[in-house]
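Have a look at the structure below, then the notes.
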Amino acid sequence: QVQLVESGGGLVQPGGSLRLSCAASGGIFSIGVMAWYRQAPGKQREFVAAIRSGGRPNYVDSVKGRFTISRDNAKNTVYLQMNSLKPEDTADYYCTAAQGGEIYWGQGTQVTVSS
(Lines give C-alpha, C1' and ligand atoms only; values in the text may rest on other atoms or scores of the structure.)
Protein backbone atom coordinates (compact mmCIF):
# COMPACT_ATOMS: atom_id res chain seq x y z
CA GLN A 1 0.00 0.00 0.00
CA VAL A 2 1.33 3.39 -0.99
CA GLN A 3 1.18 6.28 1.43
CA LEU A 4 1.38 9.85 0.15
CA VAL A 5 2.13 12.93 2.22
CA GLU A 6 1.79 16.39 0.72
CA SER A 7 3.45 19.54 2.01
CA GLY A 8 4.19 23.09 0.92
CA GLY A 9 0.77 24.67 0.93
CA GLY A 10 0.02 28.00 2.52
CA LEU A 11 -1.13 31.57 2.00
CA VAL A 12 0.41 33.54 -0.85
CA GLN A 13 -0.38 36.83 -2.55
CA PRO A 14 -1.55 36.93 -6.16
CA GLY A 15 1.44 36.67 -8.46
CA GLY A 16 3.41 34.72 -5.91
CA SER A 17 4.83 31.22 -5.99
CA LEU A 18 4.61 28.02 -3.99
CA ARG A 19 6.14 24.59 -4.41
CA LEU A 20 4.15 21.58 -3.31
CA SER A 21 5.82 18.29 -2.52
CA CYS A 22 4.39 14.80 -2.27
CA ALA A 23 6.47 12.03 -0.76
CA ALA A 24 5.51 8.41 -1.40
CA SER A 25 6.28 5.55 0.96
CA GLY A 26 5.15 1.99 1.53
CA GLY A 27 4.72 -0.22 -1.53
CA ILE A 28 6.39 2.20 -3.89
CA PHE A 29 7.77 -0.33 -6.36
CA SER A 30 6.66 0.41 -9.90
CA ILE A 31 4.62 3.49 -9.18
CA GLY A 32 3.32 4.68 -12.53
CA VAL A 33 1.69 8.02 -13.09
CA MET A 34 1.85 10.58 -10.32
CA ALA A 35 -0.50 13.52 -10.47
CA TRP A 36 -1.94 16.54 -8.73
CA TYR A 37 -5.61 17.34 -8.39
CA ARG A 38 -7.31 20.22 -6.64
CA GLN A 39 -10.67 21.03 -5.16
CA ALA A 40 -11.81 24.58 -4.64
CA PRO A 41 -14.52 25.42 -2.10
CA GLY A 42 -17.91 24.47 -3.48
CA LYS A 43 -16.47 22.94 -6.64
CA GLN A 44 -15.69 19.48 -7.92
CA ARG A 45 -12.21 18.08 -7.74
CA GLU A 46 -10.27 18.72 -10.95
CA PHE A 47 -7.13 17.40 -12.58
CA VAL A 48 -4.16 19.77 -12.49
CA ALA A 49 -1.07 17.96 -13.79
CA ALA A 50 0.41 14.49 -14.21
CA ILE A 51 3.75 12.93 -14.97
CA ARG A 52 4.81 9.40 -15.81
CA SER A 53 8.26 8.15 -14.88
CA GLY A 54 10.44 9.27 -17.78
CA GLY A 55 7.46 10.68 -19.62
CA ARG A 56 6.21 14.08 -20.65
CA PRO A 57 4.01 15.94 -18.21
CA ASN A 58 0.54 17.14 -19.04
CA TYR A 59 -1.50 19.96 -17.56
CA VAL A 60 -4.98 21.36 -17.42
CA ASP A 61 -5.18 24.39 -19.70
CA SER A 62 -5.74 26.85 -16.86
CA VAL A 63 -2.26 26.22 -15.38
CA LYS A 64 -0.17 25.77 -18.52
CA GLY A 65 2.81 28.11 -18.51
CA ARG A 66 2.45 28.76 -14.78
CA PHE A 67 2.74 25.36 -13.09
CA THR A 68 5.45 22.75 -13.53
CA ILE A 69 5.22 19.16 -12.34
CA SER A 70 8.41 17.22 -11.77
CA ARG A 71 9.42 13.94 -10.26
CA ASP A 72 12.43 12.65 -8.36
CA ASN A 73 12.26 8.88 -8.57
CA ALA A 74 15.24 8.45 -6.24
CA LYS A 75 13.32 10.30 -3.52
CA ASN A 76 9.92 8.92 -4.52
CA THR A 77 8.68 12.47 -4.56
CA VAL A 78 6.65 14.52 -7.00
CA TYR A 79 6.62 18.31 -6.98
CA LEU A 80 4.32 21.01 -8.26
CA GLN A 81 5.98 24.37 -8.79
CA MET A 82 3.27 27.00 -8.97
CA ASN A 83 4.14 30.47 -10.27
CA SER A 84 2.03 33.53 -11.07
CA LEU A 85 -0.63 32.29 -8.71
CA LYS A 86 -4.15 33.63 -9.04
CA PRO A 87 -7.01 33.76 -6.55
CA GLU A 88 -8.78 31.10 -8.62
CA ASP A 89 -5.92 28.72 -7.81
CA THR A 90 -7.15 28.66 -4.21
CA ALA A 91 -7.98 25.03 -3.39
CA ASP A 92 -6.98 21.93 -1.52
CA TYR A 93 -4.32 20.18 -3.58
CA TYR A 94 -4.06 16.40 -3.62
CA CYS A 95 -1.33 14.12 -4.83
CA THR A 96 -2.09 10.74 -6.44
CA ALA A 97 -0.02 7.74 -7.40
CA ALA A 98 -0.97 4.84 -9.62
CA GLN A 99 0.32 1.37 -8.85
CA GLY A 100 -0.93 -2.09 -9.62
CA GLY A 101 -4.24 -0.88 -10.92
CA GLU A 102 -4.92 1.20 -7.83
CA ILE A 103 -4.96 4.96 -7.39
CA TYR A 104 -3.71 6.21 -4.07
CA TRP A 105 -4.50 9.66 -2.69
CA GLY A 106 -2.81 11.89 -0.17
CA GLN A 107 -4.64 13.90 2.48
CA GLY A 108 -4.18 17.20 0.69
CA THR A 109 -2.53 20.51 1.36
CA GLN A 110 -4.32 23.83 1.33
CA VAL A 111 -3.31 26.66 -0.98
CA THR A 112 -4.84 30.10 -0.52
CA VAL A 113 -4.08 32.92 -2.94
CA SER A 114 -5.24 36.21 -1.50
CA SER A 115 -4.06 39.74 -0.87
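The values are calculated or read from the model by the stated rules, or taken from the named source; none is laboratory data. Since the structure is predicted, the reported quantities are computational estimates derived from the model, not experimental observations. Cβ placement follows ideal geometry from the backbone for every residue including glycine, while neighbour counts extend to all protein chains displayed. Areas reflect the complete protein model, heavy atoms only, side chains present, ligands, DNA and RNA absent. Shrake-Rupley method; radii C 1.70, N 1.55, O 1.52, S 1.80 Å.
Residue count for the stretch 49-96 satisfying the condition of being touching a Phe, Trp or Tyr at 6+ places or on another chain (Cβ under 7 Å), farther than 18 Å from I31 by Cα and either surrounded by 18 or more Cβ atoms within 10 Å (Cβ to Cβ) or among the aromatic types (F, W, Y) (or both): 4. Looking only at the stretch 29-48, residues that are under 17 Å from N76 (Cα atoms) and open to solvent by less than 70 Å² (accessible area, probe 1.4 Å) come to 6 in all. Screening G101 with (1) small (G, A, S); (2) loosely packed, with under 13 Cβ neighbours inside 10 Å; (3) in contact with a Gly (Cβ under 9 Å, 6 or more places away or on another chain) gives one miss only, at (3). Of all residues in the stretch 70-110, those satisfying the criterion of being of a type in the set (S, T, Y) and more than 12 Å from the chain's Cα centre (by Cα) are S84, T90, Y104. Taken together, the residues in the stretch 1-21 that are open to solvent by 30 Å² or more (accessible area, probe 1.4 Å), at pLDDT 95 or above, more than 15 Å from W36 (Cβ to Cβ) and not small (G, A, S) amount to 3.
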